[in-house]
Amino acid sequence: MTHSLAEGKPEYRILVDRERASRLGLSVGQVAGTVQTATKGRVATRLRQSGEEVDIRVRFQEKDRQTVDDIRSIPIKNPAGQNVLLTQVADIRLGTGPIQISRENQMRRISVMANIAGRDLGSVVRDVQKRLGRVQRELPPGYTLEFGGEFKEMQEAFLIIAGAFALATLLVYMVMASQFESFLHPFVIMFTIPLAAIGIAAGLLISGKPVSLAILIGVVILAGIAVNNGIVMIDYINQLRRKGLDPREAIVEGSVTRLRPVLITALTTILGMMPMAFSTSAGAELRSPLAVAVAGGLTATTLLTLFVVPIIYSLVNKVRFAEAKAGR
């Protein structure tokens, strides 16, 4: 771990004793202004020559400002007209100053940088925030703590992925609405997307992988894959109902008939993701979490679609199975 002030350059610091200066009739501003004029100089006027202006800077001669003792002996005139030496109202100490001053949004910034190993970025930042909680509350006015670097980039990426997921979900819904010529049936199928979260959580728990950008990309992919099983099932149920079959029988027969195609379609995708999920070659840190998210999410949606989608379909279409059993 390092910080932006780790390397510095030697400098002399002039620390004004306010009490001593006040007794001698001087303010901190007067002391600072006199020292600055004596060492760096001050523009007194400008010389105009041949249409050009040249600053005329007034300051001590070089021989009178070469050493620290020369600086200590700088005379400062107080309101009473007396000359007070700098050493009488200030202490000069050797210290270390920054090589460069970094600013962000017109505010000075000090950066603390570190690398992590063996842990995910999110958990490390949470631990750091927890330890710095008390420090942050006790910071004086004008001081703040912010987390940047990869953590800031990750937060921005999460927002972008969230927008992409919302857009993907909307586009999938629009396509299904045009296909089914209904706003309700696509809504029923869309219930499979939240179900994928169960499988993703289980996959991450089993594999021990943290939530990362690759996982979120897998979630976006699932928005288009997870609905396939529901589309196959609902479309066949609608076909049976158009043929005049009773809604209750259509739901049962459609679910049973489409069970095999749904399982085969899902298994081919899940098994195809297995080599990528268990890969340890170069680039596996990106491919493996993505495959785990897709495989885990698709497994959960496939199993739950066989039960949840028919139930939601029957509720939306007000199909009651209890009445059928009572009639029998």
| field | Equivalent ellipsoid dimensions for the chain as semi-axes, Å, which come from the Cα gyration tensor, largest first | value | 77, 21, 19
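Between residue 281 and residue 131, what FRET efficiency follows from the Cβ-Cβ distance if R0 is 41 Å, with the result rounded to 0.05?
According to the calculation, E is roughly 0.65.
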| Once phi is turned into ³J(HN,Hα) by the Karplus curve 6.51 cos²θ - 1.76 cosθ + 1.60 with θ = phi - 60°, what whole-Hz value does each residue of the stretch 92-109 show in order, with x for glycine and proline? | 10, 10, 7, x, 10, x, x, 5, 9, 9, 8, 10, 9, 6, 6, 10, 5, 9
| Given 0.36 nm per residue, what is the gain on full extension from residue 170 to residue 87 after removing their alpha carbon distance, in nm? | 22.5 nm
| Taking a 25 Å limit on the Cα-Cα distance, which of the listed pairs 9/77; 9/152; 243/318 fall beyond it? | 9/77; 9/152
| task | Would you please give the residues with an amide H less than 5 Å from that of residue 90, counting only those at least 5 places away or on a separate chain, with H modeled from the backbone geometry? | result | 17
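Order of 211-222, 128-139 by packing, highest average Cβ count within 10 Å first?
Answer by packing, highest mean first, reads 211-222, 128-139.
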| note | Asserting the computed 222 nm helical MRE of the chain (DSSP H runs at least 4 long, -39500 (n - 2.57) per run, divided by residue count, to nearest 500) equals -19500 deg cm²/dmol
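To the nearest µm²/s, what D does Stokes-Einstein give for the stretch 39-164 at 25 °C and 0.890 mPa s, using the Kirkwood radius over alpha carbon pairs as Rh?
In µm²/s, the coefficient is 116.
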| Under a 5 Å amide H to amide H cut-off, with H placed in plane at 1.01 Å, what residues pair with residue 84 once short-range neighbours are removed? | 76, 77, 78
| said: I'd like the Karplus ³J(HN,Hα) series for the stretch 152-168: coefficients 6.51, -1.76, 1.60, θ = phi - 60°, whole numbers in Hz, and an x wherever there's a Gly or Pro. | reply: 5, 5, 5, 5, 5, 5, 4, 5, 5, 5, 4, x, 5, 5, 4, 5, 4
| query | Most fluctuating residue of 302, 37, 268 in a GNM of the chain with Cα springs under 10 Å: which is it? | reply | 37
| query | With Cβ to Cβ distances under 14 Å as the rule, what net charge do the other residues near residue 302 carry (K, R +1; D, E -1)? | reply | +2
| request: Please state, as a whole number in µm²/s, the translational diffusion coefficient that the Stokes-Einstein equation yields for the stretch 205-295 at 37 °C and 0.692 mPa s, with Rh defined as the Kirkwood radius across alpha carbon pairs. | output: 219
| request: Answer with one residue from 233, 296, 178: the one whose Cα lies farthest towards the positive end of the charge dipole of the stretch 170-321, charges on Cβ with Lys, Arg +1 and Asp, Glu -1. | output: 233
| field | Relative pair counts by distance (%), Cα atoms of the stretch 150-327, 10 Å bins | value | 10, 34, 31, 17, 7, 2, 0
| task | List, in order, the whole-Hz ³J(HN,Hα) value for each residue of the stretch 8-23 obtained from phi through the Karplus relation with A = 6.51, B = -1.76, C = 1.60 and θ = phi - 60°; use x for Gly and Pro. | result | x, 10, x, 8, 9, 10, 9, 9, 7, 7, 4, 5, 5, 5, 5, 5
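Here, each number is a calculation from the coordinates, and none is a lab measurement. Keep in mind it's a predicted model, so treat the numbers as computed, not measured. Positions of Cβ are backbone-derived with ideal geometry, glycine not excepted, and every protein chain shown enters the neighbour counts.
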